[in-house]
Structure formats: C-alpha cells, structure tokens
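Some notes on the structure that comes next.
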Ligand code: SF4
C-alpha cells in the first residue's frame with residue numbers, strides 16, 4: 001500500500017478509535033486559546049489548564065493582558081516552562097491585538113504569525129479550533145513523530161511535514177488529523193516506547209519493528 005492509499009485507512013481507524021477529538025486545552029474564546037497555546041510549548045496541557053484556570057479568572061479581556069505590569073503577568077504564569085518569555089509574548093501580542101485588530105484575534109495565517117511567539121503551528125491551532133478555518137495542519141512533536149513513523153513524510157522540518165500532510169490529506173480532515181495523531185501519539189505511539197502490539201495501525205505501519 002503506498003502512502004496516498006494508506007492515509008484514508010489511517011484516518012478511518014484513528015477516527016474510530018478517537019471519535020470527535022478536540023484540543024485538551026481549556027478555553028472559552030479565541031484569545032484564551034491563544035494564551036493557552038503559547039503557554040503549552042514544552043509544557044503539558046494538564047499543567048497549562050491548571051495555570052489558566054486562575055489566569056482566565058483574573059484577566060477577563062485582551063486589554064487586561066495588555067495593561068498588566070509584565071512582572072505580574074509573569075508571576076501569574078510562573079509554573080510553566082519559559083514563563084518569562086511566554087508572558088512577554090502574550091502581553092506584546094495583546095497590545096498589538098488591541099491597537100491593530102480592535103481587540104479581536106485576527107483570523108488569517110499572515111496576521112496571526114505577525115504576533116510575537118506565534119508560528120504556523122500555533123496559528124493553525126487558533127484558526128482551526130477557535131474559528132473552524134483550516135489553512136494548514138498543526139504539526140507538533142506528536143504529529144511530527146507519527147507522520148515520520150507511519151511513512152507519511154520523510155522530512156524532519158515541521159513546515160515541510162505540514163506541506164507533505166496537506167498534499168495527501170483531504171481539506172476537511174486538516175483540523176482533525178492533528179488531533180488524531182496527537183491522541184494516538186500520547187496513548188500508543190509514544191516517543192520512547194511505542195506499543196506496536198496494541199496499535200491499530202501496526203499492519204500498515206512501516207515502523208512496526210522499530
Ligand atoms: S505500529 Fe508502532 S510505530 Fe507504527 S504507529 Fe503503531 S505504535 Fe507507532
């Protein structure tokens with residue numbers, strides 16, 4: 001089975017195993033998702049949700065983030081990795097959104113990636129999960145690893161992997177495929193100990209013997 005033929009079968013099996021998957025990050029508006037996604041780099045979603053529970057209670061609007069003393073915002077995000085840089089980016093982004101986008105998170109890839117600390121992965125997550133717009137495919141560490149192991153890409157660079165996935169994935173699945181690969185990566189195909197025995201993809205996966 002070649003890669004093109006394999007993908008529909010992979011999607012079919014993963015969709016059955018993980019019906020209606022969605023992000024594990026808690027949010028109730030696009031800016032909250034932007035904050036949570038920036039905080040989630042190299043940090044577990046569970047820890048981010050713990051931090052944002054208090055953060056979202058204290059900071060109610062984009063302007064609240066823009067106007068807060070930076071040290072306070074850093075203190076309020078202090079349990080995640082790289083909180084100083086992340087808080088700085090969140091505040092700088094909030095200021096731009098207030099000044100240039102009428103306090104609304106922009107809905108295009110170009111505008112989103114113009115914000116500090118926002119690259120294609122984060123922009124894809126916001127567009128897909130907050131607005132239902134699928135301009136690309138979010139490639140995180142799980143998507144990267146599983147795409148390679150499943151033979152969907154030969155690249156290691158996330159932007160090239162995204163292009164490879166976009167070329168073979170139907171557009172209506174662009175939002176979904178990230179979630180599916182993330183769920184499967186967390187549960188079965190972990191970085192250090194992939195559980196080939198339990199894997200529903202093992203008979204079509206070229207890495208089942210690694
Ligand atoms: S067979 Fe193994 S390497 Fe392939 S997707 Fe499943 S767990 Fe991952």
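How much length would be gained if the chain were fully extended between residue 60 and residue 133, taking 0.36 nm per residue of separation minus their Cα-Cα distance, in nm to one decimal?
Extra length available between residue 60 and residue 133 comes to 23.8 nm.
Helix 30-39: angle to the longest alpha-carbon principal axis of the chain, degrees 0 to 90, nearest 10?
In the chain, helix 30-39 runs at an angle near 70 degrees to the longest axis.
Give me the percent of Cα-Cα pairs in the stretch 30-131 that sit more than 20 Å apart, rounded to a whole number.
29 percent
Provide the FRET efficiency to the nearest 0.05 for the residue 111-residue 192 pair, computing r from the beta carbons and using R0 = 45 Å.
Using R0 = 45 Å, I get an efficiency of 0.75.
Can you pull the one-decimal nm distance between simple spin-label points at residue 155 and residue 20, each 7 Å off the Cα toward Cβ?
Distance between the two pseudo-spin positions: 3.4 nm.
So what does the Cα-only Debye profile of the stretch 135-210 read at q = 0.12, 0.20 Å⁻¹, as log10 I(q)/I(0), no solvent term?
Rounded to two decimals, the profile gives -0.29, -0.82.
Just to confirm the number: angle between the C-alpha axis of helix 83-100 and the first principal axis of the chain, 0 to 90 degrees, nearest 10?
70 degrees
How far apart, in nanometres, would the label points at residue 209 and residue 168 be if each is projected 7 angstrom from Cα along the Cα-to-Cβ direction?
2.0 nm
By per-residue mean of other Cβ atoms within 10 Å, what is the highest-first order of 66-75, 142-151? Write out the running numbers ahead of the final one.
Working: 66-75: 15.2, 142-151: 20.2.
The most tightly packed comes first, giving 142-151, 66-75.
Based on alpha-carbon positions alone, could you give the equivalent ellipsoid semi-axes of the stretch 9-81 from the gyration tensor, as √(5λ), descending, whole Å? Walk me through the numbers before you get to the answer.
Working: eigenvalues 182, 34, 16 Å².
Listed largest to smallest, the semi-axes of the stretch 9-81 are 30, 13, 9 Å.
Taking the chain as the reference, fit the longest principal axis to its C-alpha atoms, fit the long axis of helix 120-131 to the helix C-alpha atoms, and give the angle between the two in degrees, 0 to 90, nearest 10.
Rounded to the nearest ten degrees, it is 80.
Take the alpha-carbon positions of the chain, form their convex hull, and give its projected area averaged over all directions (one quarter of the hull surface) in nm².
Mean orientational projected area (the chain, Cα hull): 11.5 nm².
Here, each number is a calculation from the coordinates, and none is a lab measurement. For clarity, every value in this text was computed on a predicted model and none was experimentally measured. All Cβ positions, even for glycine, are placed from backbone atoms using ideal geometry, and neighbour counts span all protein chains on display.
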